[in-house]
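A short worksheet on the structure shown next.
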Amino acid sequence: MQDIQVPAMGRQTFSTFRGIGYLLMSLFFLDFFTIMIPTKFTDAVWELNTYGQIVERVPLLLLSFSLIFFGEYSARLKWEQLASKIISWLALIMAIFFLLGVPLDIVNSFRVQNIRQGEVIAKVAQQNTPLQAIAERLEKAKTDREIKDVLKLINPQQQALVVSIPKPQEVKKKLLTEIATSINQNQSQSDGMKRRISNALWKDSIKWAIAATLSGLFLVYLWMQSKWARVGISSST
């Protein structure tokens, strides 16, 4: 196999475009391995974020392939003949990576959603549990003395003030109303936060899935179109 002879200006143009392509591909894989290392496989949050970050950088990869394959075998140096063959197969490997990652992206989105919503539920439970405990104590308190004893537990630093409360039953009723309102507000905020988490998560996940699918198909197309690199360059006449 021999280098194809082309005018000097054409050779320079091809070399420039392909040089830019090699540079962009190097930058992409530099980011790729920086994102991947250290690996945390089976960690849904890491897997989803890692896949998303790589998909976000896919335009760099697609452009690099297009520039490297520019002009097919015209004006290629001898070392590029092997490099082009390897890069052609690399296009197929990356296509498989992106396409197989789409189902994992969806599955991990459900897993991450459950994790994030679980964190919100745990936080709300942490806020509401003490309030519910106080409400239960107040509900069990029937006499004025029992109500005051509960109030002393709630406000240990204001026991003298608690003893002088003239109408404990009204205070009990008011406190139960305030506690119920606080619990409802916490729950409402929790529901709103879970919706926001879900919307933001699926917005990114669907965007990544579509981008990965289109990119994977385009890489398959590039692999098919670069058959010339895999079968070898014919000898020039």
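The values are calculated or read from the model by the stated rules, or taken from the named source; none is laboratory data. Please read these numbers as outputs of a predicted model, since none were measured by experiment. Every residue, glycine as well, gets a Cβ built from its backbone with ideal geometry; the counts of neighbours run over all protein chains shown. All accessible areas refer to the heavy atoms of the entire protein, side chains included, with ligands and DNA or RNA removed. Shrake-Rupley method; radii C 1.70, N 1.55, O 1.52, S 1.80 Å.
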- Message: Just to check your reading of the model, which residue among GLU146, GLU119 is under 17 Å from LYS173 (Cβ atoms) and open to solvent by 30 Å² or more (accessible area, probe 1.4 Å)?
- Response: GLU146
- Since GLY101 meets every condition but one in (1) at pLDDT 90 or above; (2) open to solvent by 20 Å² or more (accessible area, probe 1.4 Å), which condition does it not meet? (2)
- Item | Single match in ALA91, ALA95, ALA75 (criterion: part of a helix (DSSP H, G or I), open to solvent by less than 30 Å² (accessible area, probe 1.4 Å), in contact (Cβ under 8 Å) with a residue 60 or more places away in the chain and in contact with a Phe, Trp or Tyr (Cβ under 6 Å, 6 or more places away or on another chain)) | ALA91
- Has region 19-31 got any residue that is in contact with a Lys or Arg (Cβ under 8 Å, 6 or more places away or on another chain) and on the phi < 0 side of the Ramachandran plot? yes
